[in-house]
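Structure record follows, encoded as structure tokens.
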Amino acid sequence: MSSLLKNASVRHGVIPAAGRGTRFLPMTKAIPKEMLPIVDRPAIELVVEEATQAGLDDLLLISAAQKQMIEDHFDAVPDLEAALREGEKWELLASIERYQDFARIHSVRQGHPRGLGHAVYQARHHVGDAPFAVLLPDDLMHPEDPVLEKMIAVREQIGGSVVALLEVTPQQATAYGSADVTTIPLASNGLDGIEGLNDGDVFRLNKIVEKPPIDEVLSEYASVGRYVLDPKVFEILETLPPGRGGEIQLTDSFQSLIETPEDLGGGVTGVVIRGRRFDTGDKLGYLQAVVEMGIEDPQLGGEFRALLKGLVKGLDL
Ligand code: G1P
């Protein structure tokens, strides 16, 4: 049935946000890691905005106990709105009402933390038999590189599933899904009309393995954070055994998709991320995101840059 869906437009997004955030303890003891601020907005708001700009209009949060705060952020706060209105604080009012412009957010609980593949599987009833995007909120993409938009365009053109690829060192590859790839020439696949894509940006995946030991790394390309998946993946996840770390790995379902014939919804394509990407689930990556976004902040940027310059001088770097 999936082949009929080949050119169906991608409207659904799934955001797995059920993780405990252990890399960030004690900060994440009572506050979800997705709520950590990037200047003055929680990281997840930037991810939801990215999904909206990529054309998704329905988002499903895969949530867990103690994470209701994320949903509260995308809801009205009538008394705060009234107070800001009364005080004529229009900019602040607009900032808390911004969620109304984003794709609608629903949520479902994962219950038991059995891995990323298991988290995505929780979306099967909501998404149904339609292609959908997955956005890992730890991966923050700079708004200047709309990689998800390009990936959706690739899926709508050639079907199958699409993963975002990052160029990494062999050492870095051990922390990601490592992929064996072959270049796909854009023109012969009808991909040359997609804005922002150049030859050398799109690959066919031949094999993928989750967090391999360094001597089993497949190439300098790692699959990270953004995926556009054929609904065939739900069928695969249903019976997928646990993989690396004893968890049901989304990466293992990509290997099955690679082995599935295209007319049954198989095939996996990779699109290389050419812009900036931050791992906000990691302390250093988070600090980098805050500093870079702080420098670019329209209101704060000038002062922040001057402050950093002063600090760097004093640091004897
Ligand atoms: C997950 C995925 C992995 C991917 C990574 C970064 O791993 O399992 O394939 O490369 O995210 O997006 P995690 O970092 O959650 O362990």
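The values are calculated or read from the model by the stated rules, or taken from the named source; none is laboratory data. All figures in this text were calculated on a predicted structure; none of them were measured in a lab. Note that each Cβ is placed from the backbone with ideal geometry, even for glycine, and that neighbours are counted across all protein chains shown. Heads up: the accessible areas ignore ligands, DNA and RNA and are worked out on the full protein's heavy atoms, side chains in. Shrake-Rupley method; radii C 1.70, N 1.55, O 1.52, S 1.80 Å.
Which cross-chain or sequence-distant (5 or more) residues have an amide H under 5 Å from the amide H of LEU61, H modelled 1.01 Å from N in plane?
Under 5 Å from the amide H of LEU61 lie the amide H atoms of ILE15, HIS106, SER107, VAL108, each far enough along the sequence or on another chain.
Over all directions, average the projected area of the Cα convex hull of the chain and note it in nm².
If you wrap the Cα atoms of the chain in a convex hull and average its projections, you get 18.5 nm².
Any chance you could list the semi-axes, whole Å, largest first, of the equivalent ellipsoid that the Cα gyration tensor gives for segment 56-124, using √(5λ)?
32, 13, 7
What are the semi-axes of the equivalent ellipsoid of segment 179-306, taken as the square roots of 5 times the eigenvalues of the Cα gyration tensor, listed largest first and rounded to whole Å?
Semi-axes, largest first: 32, 22, 14 Å.
In whole percent, what relative contact order does the chain give with Cα contacts below 8 Å and a gap of six or more residues?
Once normalised by length, the contact order is 23 percent.
Only Cα pairs under 8 Å and at least 6 apart count here; give the relative contact order of segment 214-300 as a rounded whole percent.
Taking the mean separation of contacting Cα pairs over the length of segment 214-300, I get 17 percent.
When averaged across all projection directions, what area in nm² does the alpha-carbon convex hull of segment 77-235 cover?
Dividing the Cα hull surface by four gives the mean projection, 12.9 nm².
Ordering HIS142, HIS106, HIS12 by how much accessible area each has at a 1.4 Å probe, largest first, what is the list?
Largest to smallest exposure gives the sequence HIS106, HIS12, HIS142.
In sequence order, what are the phi-derived ³J(HN,Hα) couplings for segment 265-276 according to the Karplus relation 6.51 cos²θ - 1.76 cosθ + 1.60 with θ = phi - 60°, rounded to whole Hz, with x for glycine and proline?
Ordered by residue, 3J(HN,Hα) equals x, x, x, 10, 10, x, 10, 6, 6, 9, x, 7 Hz.
Say each of GLN66 and ASP129 gets a label point 7 Å from the Cα, pointing the same way as Cα to Cβ; how far apart are those two points in nm?
Between GLN66 and ASP129, the simple spin-label model gives 4.1 nm.
Distances longer than 18 Å among the Cα atoms of segment 162-213: what percent of all pairs is that?
Looking at segment 162-213, the distances longer than 18 Å represent 38 percent of pairs.
When the convex hull of the C-alpha atoms of segment 247-294 is computed, what volume per residue in Å³ does it have?
Normalising the Cα hull of segment 247-294 by residue number yields 106 Å³.
Using the Kirkwood radius built from alpha carbon pairs, what does the Stokes-Einstein equation give as D for segment 213-252 at 25 °C and 0.890 mPa s, in µm² per second?
Value of D from the Cα-based Kirkwood radius: 202 µm²/s.
Once phi is turned into θ = phi - 60°, what whole-Hz ³J(HN,Hα) does the Karplus curve with 6.51, -1.76 and 1.60 give for every residue of segment 161-174, x standing for Gly and Pro?
10, 9, 10, 7, 10, 10, 7, 9, 7, x, 4, 5, 4, 5
Please state the Cα pair-distance histogram of segment 110-202 with 5 angstrom bins from zero: what percent is in each bin?
With 5 Å bins starting at 0, P(r) equals 2, 9, 18, 21, 21, 16, 10, 3, 1, 0.
Quick one: which residues, 5+ away or cross-chain, put their amide H under 5 Å from the amide H of GLY270? H built at 1.01 Å from N.
Here VAL163, PHE203, ARG204, LEU205 satisfy the definition.
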